[in-house]
Every structure is written in C-alpha cells, then in structure tokens.
Amino acid sequence: MCESGHESSTVGAGAFQIAGSISYDEIAARLGRGHYFDFSGFPRQRWSTLPFARGRYWLEPVRPDIHLTGCDFEYLGEERIVGRWRPSLFVGVLTGGEHSGFIGGRSVAGQRIGIPTLFGVGDEVEITSGQRRGQICRMTGFHVGAAFLHGLAEESGCHGRGLAHLLADGLSFREIEHSAALRILLCQLADNPYHGALGRLYAESRILSALVELEQVLCDAQGGSIPDLSRSHRDHAEQARLLLDAQLADPPSIPDLARTVGLNETALRRSFKRAFGTTIIDYLRDRRLEIARMLVRQRSLSVASIAYRVGFSSPANFATAYRRRFGCPPSQDF
C-alpha cells in the first residue's frame, strides 16, 4: 500500500506547496501561465477566492517540462469551478479517498487505491471540479508537458510514439491494470524516503522509469498484446464499474448490471475484462478489499463491522480473503 508522504523539506527551486486552507485563486497565482492549468481565462467566479479544501497541494519541477505533484486534502464544499487544462500528460496513483471532476465534459472520477491512472490532453480543454463536501483526495503523480513528449517521439523514432499518441487522441483517460512495475514505481514516488537534493533525484529516477514502463505498456496495447476496445464498449464498462463502486456491499447481479448499461451479459463480461484486465467478480472482490484496508487502517471500526460494511458474508471469510490479498490478517495490518 503506497502512502502519500511528500514533505516540504524535499521542495526545491521553482516549487511550491500550499498547506492549510486552499483556494483556486491561490493555486492559479502560484501556477502562473506557464503550467498545466489555467483559471484566468474565465470570468471571476464567486467561489474562486474562498477555500475549497483543507490540507496540502504541491508542485515541484523535476525537469523543465516534468513536474512532481500531489495532494492530500479534504474538500470543504461542492461549488463547481471551471478552468482550462493545457496539452500535457498526467500519470498518478490514488493513495487515499477518491478523485472526481470533468475534463472536456467527460467524467474522470476514480476510487481505486493504488491503480495507476493517466490523463492525456492533446488540445486545451475545459476542466470542471466535481467534488462533494467532506470528500478526501490523496494522490501522487507527475505532469509531463506536450513539448517533452513530442520531442521524445521525434528523437526516439518508434520508441516514444506510444506516449505522444495519448495526446493525438485529444483526450485519454485510462487506468493501467496490466503493469505491476508501473504501480510499484508510482508507489515508490509516493513513499519517497529521502529529502532535499537526494529526494528530488530519487523522484526524477522514478518518474523517468515510469515513463519508460508506460511507453512499453502502450506499445504492447497497440501491438495487440492487450486487446483493443471501442469507445462505446469502454464507456459501458466504465459505467458498470461506477455502478459496482456505488453498491459494493449489495451490488447488482451481472444480468441486472448488463441491462442497466445496455449490453448483453457476454458483451459486458468481455468489455469489462478488456477495459480493466479483470473479471467483474474479481474486481468486486478487490475493490471491497481496497476499501476494507482503508477502514482497517483508520482503526475506528471493528473487523467484523468492516467485513459486513464492504459486503462480506462473514468476518471469517473476510479475514481469509484479506490475508490472501495483503499477506496478513486485518487485525495485524498497521
């Protein structure tokens, strides 16, 4: 389990960290006009000057067009803020809570702890916040500018084209299920054990290694190692996943789920497997265990209460599944 452990002592020149109450105006002022987000092109919004979250948000340059970033905060309200996302790639991992919002009108909500997520934007698009009051978001990752990716593709020939292709699609939103190496690198980035110059060097090495790994994953997908999936079927699979996430303790049956999203059972099972690299049943089990581990580590509920809350039929079955997944029983997972 990766934890978000970025500390202010690792921050170098050109970096910033906002702690305490956070407003969109403050983020916009720190970012200026040369980074990845822009809130300045819209009429001044009523809520932009007020704190939207409490906690920490940081951005730190690794190279001129690569930035380490992350957040660890709680949203204070549900007001929507509109801005622009410039052409770039974001790769990150959720370490707690959930992320939500809209990019180019498309929902980019996610709740899967420890699963690498990427957003690729080839043309400047509108972004809209989509949080709820009390929502927690802990995430660590990195931004890469479009110029770096295009330059990489030009210098590397066929190697490097997978990353640049993400921007050619206009907007890409993916969860990378198939790469344990990418997941480990992002968790190491979140768990940076060093500070100062050594911490920045460690972060740079993980980010560059993650880009190499991601390029290989994307090339494998384009070469047919990972089956392709139409936009329509991927959207159906994402809708099914969101329905499962919303009803973990009492999920719909697969026939009911298929009827709701508008596919037959066979098509839904196939689309889900291709989109997320796992079956619906395995996803449901893994997602229950991910949520359960968060609750176990909060130490506010009994193991039995957690078992029933996430949908297990008995604490004994829960403890067995937990041990198989995480290597220790819930009572010993600190």
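The values are calculated or read from the model by the stated rules, or taken from the named source; none is laboratory data. This is a predicted model, so every value here is computed, not measured. Because the Cβ atoms are built from the backbone with ideal geometry, glycine has one as well, and the counts that use them run over all protein chains shown.
Quick check on this structure: which one of GLU126, GLU154, GLU98 is free of Cβ contacts under 8 Å to residues at least 24 places away in the same chain and out of contact with any Phe, Trp or Tyr (no Cβ under 7 Å at 6 or more places or on another chain)?
Values: GLU126 fails: free of Cβ contacts under 8 Å to residues at least 24 places away in the same chain; GLU98 fails: free of Cβ contacts under 8 Å to residues at least 24 places away in the same chain.
Being free of Cβ contacts under 8 Å to residues at least 24 places away in the same chain and out of contact with any Phe, Trp or Tyr (no Cβ under 7 Å at 6 or more places or on another chain) holds for just one of GLU126, GLU154, GLU98, which is GLU154.
Residues in segment 161-185 that are assigned to a helix (DSSP H, G or I) and under 17 Å from the mean Cα position of the chain (by Cα): how many?
The number of residues fulfilling the criteria is 7.
The selection criterion, being under 20 Å from the mean Cα position of the chain (by Cα) and either at pLDDT 90 or above or within 14 Å of LEU244 (Cα to Cα) (or both), does not hold for PHE318.
Starting from residues that are surrounded by 18 or more Cβ atoms within 10 Å (Cβ to Cβ) and modelled with pLDDT of 90 or more, keep the ones in segment 203-243 and report whichever is farthest from THR69 (Cα to Cα). Filtering segment 203-243 for residues that are surrounded by 18 or more Cβ atoms within 10 Å (Cβ to Cβ) and modelled with pLDDT of 90 or more, the one farthest from THR69 (Cα to Cα) comes out as ALA240. Would you confirm, using the coordinates I've provided, whether ARG106 is farther than 25 Å from GLU213 by Cα, in contact with a strand residue (DSSP E or B) (Cβ under 9 Å, 6 or more places away or on another chain) and modelled with pLDDT under 90? Yes; evaluated as a whole, the condition is true for this residue. For segment 185-200, the set of residues classified as free of Cβ contacts under 8 Å to residues at least 60 places away in the same chain and touching an Asp or Glu at 6+ places or on another chain (Cβ under 9 Å) consists of LEU185 only.
Quick check, is ALA181 among the hydrophobic types (A, V, I, L, M, F, W, C), surrounded by fewer than 18 Cβ atoms within 10 Å (Cβ to Cβ) and within 27 Å of ARG274 (Cα to Cα)? Judged against the criteria, ALA181 is a match.
Scan segment 52-79 residue by residue and report those that are among the small types (Gly, Ala, Ser) and out of contact with any His (no Cβ under 7 Å at 6 or more places or on another chain).
If the condition is that a residue be among the small types (Gly, Ala, Ser) and out of contact with any His (no Cβ under 7 Å at 6 or more places or on another chain), then ALA53, GLY55, GLY77 are the ones that fit.
Can you tell me which residue in segment 47-85 is surrounded by the most Cβ atoms within 10 Å (Cβ to Cβ), limited to those that are within 18 Å of the chain's Cα centre (by Cα) and of a type in the set (D, E, K, R)? Result: ASP72. When ILE280 is tested against (1) modelled with pLDDT under 90; (2) surrounded by 13 or more Cβ atoms within 10 Å (Cβ to Cβ), exactly one condition is not met: (1). Of the residues making up segment 110-120, at least one is more than 27 Å from ARG63 (Cα to Cα) and out of contact with any strand residue (DSSP E or B) (no Cβ under 7 Å at 6 or more places or on another chain). Just to check your reading of the model, which residue among ARG259, ARG293 is assigned to a helix (DSSP H, G or I), under 28 Å from PRO116 (Cβ atoms) and of a type in the set (Lys, Arg)? ARG293 is the lone residue from the list that is assigned to a helix (DSSP H, G or I), under 28 Å from PRO116 (Cβ atoms) and of a type in the set (Lys, Arg). If you check ALA210 against the conditions, is it in a helix (DSSP H, G or I), touching a helix residue (DSSP H, G or I) at 6+ places or on another chain (Cβ under 7 Å) and not basic (Lys, Arg)? Criteria met by ALA210.
For segment 16-46, filtered to residues that are assigned to a strand (DSSP E or B) and surrounded by fewer than 17 Cβ atoms within 10 Å (Cβ to Cβ), the residue that is modelled with the lowest pLDDT is PHE16.
Of the residues ASP65, ASP72, the single one that is more than 20 Å from MET294 (Cα to Cα) and either out of contact with any strand residue (DSSP E or B) (no Cβ under 6 Å at 6 or more places or on another chain) or of a type in the set (Asp, Glu) (or both) is ASP65.
Go through segment 64-91 and count every residue that is in a strand (DSSP E or B) and touching a helix residue (DSSP H, G or I) at 6+ places or on another chain (Cβ under 7 Å). So the answer is 5.
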